[in-house]
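Participant: One structure, pasted below without further comment.
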Amino acid sequence: MLEIKFREGEKEKLLQKPQKKPLRKKRRKLKKKRGPKAISRKKRFKFIETQVGHFLYVYAPLQYCLLIEYYQAMKMVGRHQGISYNIIETIALHSDNPAFRTARFRRALIAYRRFGLKPLRPTGWTLKDACYFARNSFHVYEAIKRCTE
């Protein structure tokens, strides 16, 4: 039989159980921040606090009033739902208002289609803002009324 020659202490080392390597402490992986927390999407906001609602109120007050009247009528009938994006899209397509052809409106409509009345970031709509825009839209309304008379 073939005999293997070992140096001093080598044979004992081979017969011993292999030593475990000391464990390295694992580094904690940091999660990437991905926008706002999901808590904001649990709460339903008013239509005017969504991007598209705010856009309509500021840049297309007539269409906004039309949508709100439609919503009130649907409430009376018993269909208590939010305003669907199809109706907003239809009004935008058939309107001559150039604000509906902007990229800002398209982005707002896509966000409304995706999240509905639970937006990622509600608009910071205050009473002061509402008064300012109501006053300006009233002046625009009065100017149009004078021109058409």
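Where a number appears in this text, it was derived from the coordinates with a stated rule and is not lab data. Values in this document were obtained by computation on a predicted structure and should not be read as measured data. Backbone-built Cβ (ideal geometry, glycine too); neighbour counts: all protein chains shown.
Participant: Cβ neighbours within 10 Å, averaged per peptide: list 97-103, 110-116 in order, most packed at the top.
Facilitator: Sorting 97-103, 110-116 by mean packing, highest first, produces 110-116, 97-103.
Participant: Can you tell me the order of 59-71, 118-130, 43-55 when each peptide is scored by its average per-residue count of other Cβ atoms within 10 angstrom, highest first?
Facilitator: Packing proxy ranking, top to bottom: 43-55, 59-71, 118-130.
Participant: Which length gain, in nm to one decimal place, applies between ILE87 and LYS75 when the Cα-Cα distance is subtracted from 0.36 nm times their residue separation?
Facilitator: Result for the pair: 2.8 nm of gain on full extension.
Participant: Next up: From largest to smallest, what semi-axes in whole angstrom does the range 40-148 give when each is the square root of 5 times an eigenvalue of its alpha carbon gyration tensor?
Facilitator: In descending order, the three semi-axes are 23, 17, 15 Å.
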